[in-house]
Amino acid sequence: MARDQAIVTKTMKRVKSKDTSIEIILRKALWKKGFRYRKNYAGLPGKPDIVIPKYRIAIFCDSEFFHGKDWDSLKLQLQKGNNADYWIKKIERNRQRDRENEQKLIFSGWNVIRFWGKDIAKNVDECVKAVEEMIFDTYVNED
């Protein structure tokens, strides 16, 4: 079934790069727990969605499609669809860029956490707990 290009274009223009619903859910939960953060901090590689400067934590809220969750099966699905070469190349480059930015952050002394959008939406408390555990493991257990 072919889709109207105008509809596809309109849909893709609505895809946001910041202040997505998953980011907002996680930010509200972190704020409620007393964490203060910066959002979409351009001063760091990859422009992390949430940065907790006090603990040098950079958090990325990744959508499953654009960042290639379960890449092997997603890639097979994409190969059957429209414009397969474009999407496969785009998502592979996104995944490569994610790895490069994560390495840059780690080499700069930052702790990096990546959450999948559905994990945030379904269980934000577990995501907050992961942030708390990183803080505890990194700063409280330094002894």
Note down the net charge around residue 60, summing +1 for each Lys or Arg and -1 for each Asp or Glu among other residues with Cβ under 9 Å from its Cβ.
-3
As straight-line cross-link partners of residue 54, the qualifying lysines (C-alpha separation under 25 Å, not fewer than 8 residues apart within one chain) are 18, 28, 32, 33, 39, 104, 129
Straight-line reach from residue 89: which lysines have Cα under 17 Å away, leaving out those fewer than 8 places along the same chain?
69, 75, 80
Placing +1 at every Lys and Arg Cβ and -1 at every Asp and Glu Cβ, with all other atoms neutral, what dipole size does the chain have around its Cα centre, in debye to the nearest 20?
800
Under 17 Å from residue 90, Cα to Cα: aspartates and glutamates that are on another chain or at least 8 residues apart:
62, 64, 70, 72, 98, 100
Could you please report the charge total around residue 126, scoring K, R as +1 and D, E as -1 over all other residues with beta-carbon less than 11 angstrom from its beta-carbon?
-2
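What's the local net charge at residue 75, with K and R +1, D and E -1, over the other residues with C-beta under 14 Å away?
Around residue 75, the surrounding residues sum to +1.
No value in this document is a laboratory result; all are computed from the given coordinates. All values derive from a computational prediction rather than experimental measurement. Because the Cβ atoms are built from the backbone with ideal geometry, glycine has one as well, and the counts that use them run over all protein chains shown.
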